[in-house]
Structures are given as structure tokens and as C-alpha cells.
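In what follows, a single structure is set out as C-alpha cells and then discussed.
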Amino acid sequence: MNGVIQNVLEMSRRRLPAPVRLNLADHLRDFVESFRETNPAACIEVTVGTPEAEFRMDKSQLEQVLSNLVNNAMRHSCDHSGTPYVRLEGGVDTRTERPYLNVIDKGPGVDESEADKLFEPFYTTEQTGTGLGLYISRELCEANQARLTCHRQEQGGSCFRITFAHPDRIFIGNKKEL
């Protein structure tokens with residue numbers, strides 16, 4: 001119950017994002033290094049197809065989103081395959097020129113009947129879950145002009161994709177920041 005209350009309070013006190021320009025490959029390297037300090041058994045693969053890819057997002061809000069997605073991926077992979085595994089794939093979509101990050105697990109994949117509910121507040125498939133992790137993650141992405149989506153992988157597992165705003169076309173309030 002305390003976790004639910006803390007998450008709800010955090011959402012209500014959410015500060016405006018302070019996006020900074022980050023290099024995707026560098027940020028993922030730093031994130032994985034920090035994550036492994038508290039999760040040494042984690043099996044994390046990182047691939048960035050466009051090493052020079054940059055994006056803008058509030059760094060602390062991104063950490064919260066990534067921590068939630070990576071923890072979820074590792075839990076579902078471990079429950080399904082016995083290994084806490086996650087693959088992080090980044091790059092730039094050539095059609096839109098927008099950077100993206102895929103968080104991919106080796107779990108059973110999102111059940112089609114649950115796909116529409118995943119990002120709803122208080123919806124959970126876990127006994128101990130609050131149902132706020134994915135909801136808050138999507139809200140934080142949207143506050144930073146990014147989009148969080150999910151789809152089932154053909155070979156099994158799920159892929160959560162963050163599609164970031166173009167780093168040169170982000171809007172703060174009503175004005176464009178270059």
C-alpha cells in the first residue's frame with residue numbers, strides 16, 4: 001500500500017521536465033554500468049545501430065522509465081526462461097529521423113487480451129504489483145514528447161519502444177527549443 005501511495009504522490013507532484021541533449025550509446029553504457037552495480041546477475045545486451053544518435057529527455061525521468069522497463073523485462077525473462085535478461089536496441093528511424101530505444105525481454109510476451117490495458121493506472125498482472133509502473137513510464141515519456149509503446153515479438157517476448165522527439169525539434173511550453 002505504501003508503494004501505491006508513494007507512486008500516486010509522485011505523479012501528483014511531478015515537476016516539469018528539464019530535457020537535456022544526450023548521446024544514446026553513451027547514456028545506455030552509463031545506465032547499464034550503474035544498473036549492474038545493484039543487479040550483478042543481470043544479463044543485459046546493448047546494441048546501438050547509430051552510435052552518434054542523440055535525443056532530449058529529462059535525465060532523472062528517463063532513469064525512472066528505463067529502470068522500470070528493464071526491471072520488468074528481467075523479471076518476465078527470468079520467470080519464463082530462468083535468466084534475468086534484457087536487450088536494449090537503439091538507433092534512429094530513417095523515415096522520421098527520430099531516435100528510439102527498444103527494451104526487449106525473453107518472457108512469454110504480452111497477451112493480446114491485455115495489450116490495451118497495459119498502460120492503464122492500477123492495471124497489473126502481478127500479485128505484488130501496483131499497476132503504476134507502466135502508467136507512470138508512459139506519462140513521463142509523454143511529458144518529454146516521447147512515445148512509449150509495446151508489441152509482442154515474433155520469436156516470443158515483448159518489446160517496449162521509446163520513440164524520442166527529434167533532438168532538434170523539441171518544444172518547451174509553447175516555444176521551440178533548438
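The values are calculated or read from the model by the stated rules, or taken from the named source; none is laboratory data. This structure is a prediction, so every number in the text was calculated from the model and none was measured. Every residue, glycine among them, receives a Cβ derived from its backbone with ideal geometry; neighbour counts consider all protein chains shown.
Of all residues in the stretch 37-46, those satisfying the criterion of being surrounded by 13 or more Cβ atoms within 10 Å (Cβ to Cβ) and out of contact with any helix residue (DSSP H, G or I) (no Cβ under 7 Å at 6 or more places or on another chain) are N39, C43.
So that you can scan it fast, the table gives a plain yes or no per residue for (1) under 10 Å from G157 (Cβ atoms); (2) β-branched (V, I, T); (3) modelled with pLDDT under 95:
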{"position": "R75", "(1), (2), (3)": "no, no, yes"}
{"position": "D79", "(1), (2), (3)": "no, no, yes"}
{"position": "P84", "(1), (2), (3)": "no, no, yes"}
{"position": "G90", "(1), (2), (3)": "no, no, no"}
{"position": "L101", "(1), (2), (3)": "no, no, no"}
{"position": "K106", "(1), (2), (3)": "yes, no, yes"}
{"position": "D111", "(1), (2), (3)": "no, no, yes"}
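Tell me which residues, restricted to the stretch 76-91, are in contact (Cβ under 8 Å) with a residue 12 or more places away in the chain and surrounded by fewer than 21 Cβ atoms within 10 Å (Cβ to Cβ). Listed by number, the residues that qualify are D79, H80, S81, T83, R87, E89, G91. Checking H27 against (1) part of a helix (DSSP H, G or I); (2) surrounded by fewer than 20 Cβ atoms within 10 Å (Cβ to Cβ); (3) within 15 Å of the chain's Cα centre (by Cα); (4) at pLDDT 95 or above, only one condition comes out false. Which one? Only one criterion in (1) part of a helix (DSSP H, G or I); (2) surrounded by fewer than 20 Cβ atoms within 10 Å (Cβ to Cβ); (3) within 15 Å of the chain's Cα centre (by Cα); (4) at pLDDT 95 or above is unmet by H27, namely (2). The set of residues from the stretch 158-178 being at pLDDT below 90 and under 29 Å from R75 (Cβ atoms) is empty. Of all residues in the stretch 46-62, those being assigned to a loop (DSSP other than H, G, I, E, B), closer than 21 Å to N144 by Cβ and free of Cβ contacts under 8 Å to residues at least 40 places away in the same chain number 1.
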